[in-house]
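The values are calculated or read from the model by the stated rules, or taken from the named source; none is laboratory data. Predicted model only: the values in this text are computed from it and were never measured. Here Cβ is always computed from backbone atoms with ideal geometry, including for glycine, and neighbour counts include all displayed protein chains. Note: accessible area is taken over every heavy atom of the protein model, side chains too, but ligands, DNA and RNA are not part of it. Shrake-Rupley method; radii C 1.70, N 1.55, O 1.52, S 1.80 Å.
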Amino acid sequence: MEHCAALLYPRVTAARQAINLDGMWKFRFDPDSRGLAEGWKDGIGSGDLMPVPASFQDFFTDKASREYAGDFWYETEFFVPAEWKGRGVYVRFGSVTHRGTVFVNGLEITRHEGGFLPFAADITEAARYGGANRLAVLVNNELSETTLPAGRTVTLPDGRKAAKPYFDFFNYAGIQRRVYLLGLPKTALTDLSLVPRLDGARAELEYSVETCGEAEVEVTVLDEEGRTVAEGRGAKGCLSIPQPRLWKVRNAYLYRVRVRLYRGEEVLDEWYEETGLRTVEIRGTEILLNGEPVYLKGFGKHEDADVLGRGYSPAHIKRDFELMKWIGANSFRTSHYPYAEEVYQMADREGFLIIDESPAVGLFDSTANFLDAGKGARIPFFEKPGIPELLQNHLVAIGEMIRRDKNHPSVIAWSLANEPETTAEAAAPYFKKLFDAALAWDPQKRPRTYAGIMLSRPESCKCYQFCDFICLNRYYGWYVLGGYEIDTAEQALRSELEGWKAKNLNKPFVFTEYGADTGGGLHKLPSVQWSQEYQVELLEMNHRVFDSYDFIKGEQVWAFADFQTGEGILRVDGNKKGIFTRQRQPKAAAFYFKQRWEKLPENYKGDKK
Ligand code: GCB
């Protein structure tokens, strides 16, 4: 994997400059893909103004624009200071969904596949110093069975393309995260890996630094008051931290790790990362944080909001964390793709635990949409001809996710996929490669998992053996045996769990999805499906079952908030399984959870050692 100084989170330091390029850019659809031939890389001509970052879809008032699938272009202008001559100059995108080609001053600089991870365009040669530069980005949001997330793109009779996602969220796209112009030193830090180790009251931080160009390396660890607590020299080392303050669940302490590159007295580069001292380990059926058992309470989420779509929104990040604190949660899964980097920074600060998920969703044979998949696949997905290409894209996405997120104390596990078709033999070699790669690439060797689909049962799943802990998405009482049959649903859930128990896996299980669609204003006594009363009943039923199995070590309800999906007869303007509405106001279930989670200790069901 190629390391690049510009992939590190953009920070201004003594040696690094960063200029934010967010704002109103020019925007134009290119339905016939003629932009390239017509020279749009030199300027896209007349175009709408479009906010960056944001998804383009929900600004428009016409349906063809909202549902648009195909090529589209963004353009902006920026100025590169004359004094940056001799530096490495880059444009860094937090994400471009689902793929982008970057042109600067008419030259193609780079392409990136995959819509949820950062990449950088090296424009050192192409830039005009002390002058204006034109940046054009050709973006495409089509889905296929070899892309992540997976789906299809169809052509309607009138020639328009339409996305057919194999997943249950709207196919939002565009330049959805922040964009920076970076002026970096030529001799630069390109990568930093941190591994905390605890031994009784002692704590060590192992570090490893990669650079381009020769330099002396100095690593300094500062506490929250800015006092130096440890220092090291050289590209690799192990620093002992005196009187360590550990990073704990909902009680975080962050150290700043500053890296400086020197030649003689001259500081060539400087960058820092905030990290915490904590360990994560699976032992038997326990999830251990700093050697202490922890029970996960929280959510599967989405990056999703009115008007912005999946666009970066610090306001929603803040509101979501305040709600998660209020309700007594301690964790969430970044279903179904890696989120904006700022989400992890907030989780680090607030002491939340993250199951970090790759954008691999929809790896299930489905000819119509994701719901068909639940009815049983015809051709095993992992036997399709495109699988080698998909595997390649999947490995790249996992590699990029781990490189980006590996130093966050909040990240306690990697979820390598959501609901893949793990019932066919052909899935096993595919997943073995992913699990091996994740272990090899993560310096902290975090636990690995995937979120398992309901059809993938103890007797039919072919991949659970790779998981360090097992994650189940289960909809007993909703997609099966709903409403008045909820008692039978409870029996069915218990019976499946008995099946898992009989396998004696000696691993923790976490419910990463369970829930019921619920109208934000709908009440009914006695309950019916979709009412707030039924949502609470379904949760109570699930929790009664979870509480009776010691190996269940976490509950992450689906979903944190209502979110947009494609239209269809099973969704009423989106998925309504939120505990909060899309506007982040509580449903009745939110008060029910607050009562439950505030009572459950962080080490619920933990072995007292
Ligand atoms: C699932 C998927 C999630 C859906 C959810 C649902 O299993 O992982 O993306 O939104 O079910 O509500 O059907």
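Here are the numbers for the structure shown:
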item	result
Filter pass, GLU67 being open to solvent by 40 Å² or more (accessible area, probe 1.4 Å) and of a type in the set (Asp, Glu)	yes
Sole residue being within 16 Å of the ligand (Cβ to nearest atom) and among the hydroxyl-bearing types (Ser, Thr, Tyr), chosen from TYR180, TYR172	TYR172
Some residue of region 310-323 being open to solvent by less than 60 Å² (accessible area, probe 1.4 Å), in a strand (DSSP E or B) and of a type in the set (D, E, K, R)	no
LEU505 open to solvent by 10 Å² or more (accessible area, probe 1.4 Å) and within 16 Å of the ligand (Cβ to nearest atom)	no
Verdict on GLY298 being farther than 30 Å from MET324 by Cα, touching a strand residue (DSSP E or B) at 6+ places or on another chain (Cβ under 8 Å), in a strand (DSSP E or B) and not acidic (Asp, Glu)	no
Boolean, PHE78 is aromatic (Phe, Trp, Tyr), open to solvent by less than 20 Å² (accessible area, probe 1.4 Å) and in contact (Cβ under 8 Å) with a residue 24 or more places away in the chain	yes
Which listed residue is modelled with pLDDT under 95, within 16 Å of the ligand (Cβ to nearest atom) and either within 26 Å of the chain's Cα centre (by Cα) or open to solvent by 10 Å² or more (accessible area, probe 1.4 Å) (or both), from LEU481, LEU455, LEU472	LEU455
Scan of region 548-564 for residues that are assigned to a loop (DSSP other than H, G, I, E, B) and either among the β-branched types (Val, Ile, Thr) or farther than 30 Å from TYR172 by Cα (or both), ordered by number	SER548, TYR549, ASP550, PHE551
Subset tally (residues that are within 16 Å of the ligand (Cβ to nearest atom), open to solvent by 10 Å² or more (accessible area, probe 1.4 Å) and not in a loop (DSSP other than H, G, I, E, B)) for region 419-449	0
Of the criteria (1) open to solvent by less than 10 Å² (accessible area, probe 1.4 Å); (2) free of Cβ contacts under 8 Å to residues at least 60 places away in the same chain; (3) farther than 19 Å from PRO443 by Cα, which one VAL219 fails	(3)
Selection status of GLU513, open to solvent by less than 50 Å² (accessible area, probe 1.4 Å) and within 29 Å of LEU288 (Cα to Cα)	yes
Residues of region 84-98 classified as outside any loop (DSSP other than H, G, I, E, B) and of a type outside the set (Ser, Thr, Tyr), total	6
Selection count, region 492-502, where residues are in contact (Cβ under 8 Å) with a residue 12 or more places away in the chain and more than 16 Å from the ligand (Cβ to nearest atom)	7
Cβ-Cβ under 6 Å pairs, at least 6 apart or on other chains, region 460-476 side in the same structural domain as ALA489 (by TED's automatic domain parsing) and farther than 12 Å from GLU513 by Cα, far side assigned to a loop (DSSP other than H, G, I, E, B) and within 15 Å of the ligand (Cβ to nearest atom)	SER460/THR423; CYS461/THR422; LYS462/THR422; CYS463/THR422
Complete set of residues in region 518-561 that are among the acidic types (Asp, Glu) and open to solvent by 10 Å² or more (accessible area, probe 1.4 Å)	GLU533, GLU537, GLU540, ASP547, ASP550
Strands (runs of 3 or more DSSP E) lying entirely in region 99-194 (those with 2 or more residues that are surrounded by fewer than 20 Cβ atoms within 10 Å (Cβ to Cβ))	107-113, 131-140, 151-155, 161-165
